[in-house]
Structures are given as structure tokens and as C-alpha cells.
1. Please report the equivalent ellipsoid semi-axes of the stretch 135-260, computed as sqrt(5 x eigenvalue) of the Cα gyration tensor, largest first, in whole Å.
2. Apply the Karplus curve 6.51 cos²θ - 1.76 cosθ + 1.60, θ = phi - 60°, to the phi angles in the stretch 223-231 and return the couplings in whole Hz, x for Gly and Pro.
3. So how far apart, in nm, are the two label points at residue 254 and residue 370 if each is 7 Å from Cα heading toward Cβ?
4. For the pairs 152/216; 167/198; 5/27, note any where the Cα-Cα span goes beyond 18 Å.
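Derivation of every value follows stated rules applied to the coordinates shown; laboratory data play no part. On a predicted model such as this, the values are computed, not experimentally measured, just so you know. Note that each Cβ is placed from the backbone with ideal geometry, even for glycine, and that neighbours are counted across all protein chains shown.
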Amino acid sequence: MGLIKALTSSTSSALGDQFKEYVTCPKVDKNVLIARGVVQHGEGNKKPSEGVITNGSKIVIPQGWAMMLVDNGKVVEFSSEPGEYIYDNSSEPSIFYGGLGKGIIDTIKTLGSRITYGGQTARDQRVYYVSLLNVLGNKFGSAQPKKITDEKYGIIEITFFGEYAYKVDDPVALVGNVLGANAKDIVTFDEVMGSQLKMEFVEQISKAISEVMRDKKVSFGDMQSYGSEISDKMNEILSSSWKEKYGLIVTDVAMGDINVTDASMERINKIDDATIFSDAKLQSGLMANASAEALKNAASNENGAMIGFAGMNMAGNAGANLMDSVNKNVQTNSVSNAGVVTGNGQVPNFCPNCGTKTNGANFCSNCGTKLN
């Protein structure tokens, strides 16, 4: 059995005189995923047999679809390349896998022989078309906060929403597992995706986000720029349930807003404050900004600029003393955090912000300060 590309591009009914059967994809709406081919018996076939694709028949494959010929439950021909083909049952099988990759041949070998139909006749040949459409605009969101591990803030809880796209990457696996013993002429995307696969996507997306954040060493606020990486990670996570079972892959993930819970925001603010007041350069920047604001306010003082500047000088002296104390404290804490050797030779570490013993952790368990 084999497919030979036809030389003519005509699809008129006049071809009935040349070909025994003329097989085409029915007109369907965009929600159709699998459709059984429509067989038109041409005038050249005086005694057509239902369920049999006669030698010399023509099979048309439209753009955006894959076609497979199933003979008594076994996939014997496959093509994802659009065009017109002549069916020749005297030649070797032909697999035109197109952009789907050679892996489709392995699927035919492992799954192609398992497609069985209840109550099949002694000879049952069917042509099935599978949509290769990239399905866009599938919304997702977290009904409840999800825990993720942030590079900067540790474990935090977030809510999120966005959209993803998917498509069929292995039509043979899809037909083999979806149709099974229940042959149908039409199968929709909704029937295959259902609530189970959609729910699984939402359950696993937070894991994918965390892993990409860890691999790329970025914080949660930057994840909108890593849609392709999240897509790849989702395909890795969903391989057994989406790809192997249904032949589906995720092609794109567009993250919308990622929001942290109130409790996590409080934790984030503490860590940010601790970071500022443990960094001498950041402290200097804050003091410079405060000094500039103070000059502005002093110049517009209602009791006179001189009084305002006098007050500013007093505040400046106090601020300088405060800065000196803070810097000394930072140095002292840095030494403390470097470790203190105990009597048994161990080196305990301490948080530079609150002094809590850290025991080598990445974040302080008391105030959340990042330690490493």
C-alpha cells in the first residue's frame, strides 16, 4: 500500500471518471479535532464496496490537516503534507510526515496496530483527518494561591492568570487513544481537552513557573518575559499525560499579572527593608535623597530660610551620627554573620538584620532576610 502524489490539482466532480473513490475532508467548524473522510464513489467504480478504498482512488489532504488511512484497525498510510494523492495498494506504504518529525513513524509502529472498532466488518478501511490547528486563547488562572520558590524572597504565595496555546503534534497517538473501540465520525477539541486536561494544566503551571525562576535565577515579577521557557517546561511536565496519550503539546504561554498574597507582600517588604538597611551604598542613597528633600523644604520654610537651614543642620548632624551607627552595625553584623567558632570547632552563622542563628540557611527564618 502506498500514496503517490497526483499530478493534477483539479478537484472537480469530473474526476469521478478517472478515480474509483474520491476521499475528502468534510466541511467542519474550527472546534472539530478529528473528522472521518467523506468517500465519493466515482463513475469509474461501477460496483463500489462500502468500507473499502479501492486501488487507484484519490485522497485529498487540505492545508492544516493530517490524514491517516486505517485498514481493519491498523494505520497503513499517513501524510501531513497538503495535496492530492493516488492510493496504490500494490506499492510499499508511504509516510509523508512533513513538519511533524520522523517520530510519527515510531508511533505508527507502536500504536497504529491497536486501533480497534467494535462490530467491524471483515474489511473496514477508513480515512481520518486530524486538525493541526494551533489553538489559541485558552485562559487559565489560579483559583487559590499557589506556593512558589522565588530566587530573592524564598517561598511565597501568588495568584496568576494568562492564556496558552496548544496543538496536535502526534495525530496517530490521538486517534489511537481517543477513538479506541468507539469509532466516531467527528471528535471536537472540547471532548478531548475536557475539564481534566485543563485542570491539570493549571495544577502544573505553578511548578513550571518555579522551575523556570530557579533555572533562570529571576524573581516572580519578571516571568512575563519567559513565556517560551514556561511552554518548554510545561511540555516536559505534561509529557506522559498530554503528549504520549493524546499527542498534544503546549506551543505558547502568555503570563498575565502575577500577584502575591498580603502575607507574602508583608514578607517581601521586610526583606526589601532589611536589604536596604544592610547595604551601605543604599543607605547613602537614601540619605542623599532625604538631604535634597530637606534643602527644598528649608528654602520654603515659613519662619525664614535661615531657621529652616539651622534645623536642617541639626537634623543632618543627627543623621550623620545615625549613619555612622548603622554602618558600624552593618560591619559588626557582617563579622557576626561570617561565623563564630564555638568550642567544638563548629561555625554558627547569624542573620545580619536581626541576629537570629541561621545554620547556613539561604533566608532568615525570623525576618526573611536573604543571607546568601
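1. Working: eigenvalues 185, 36, 27 Å².
For the stretch 135-260, the semi-axes come out at 30, 13, 12 Å.
2. For the stretch 223-231, the Karplus curve yields 6, 4, 8, 10, x, 5, 5, 5, 4 Hz.
3. 3.0
4. Working: 152/216 12 Å; 167/198 14 Å; 5/27 23 Å.
Result: 5/27 exceed 18 Å.
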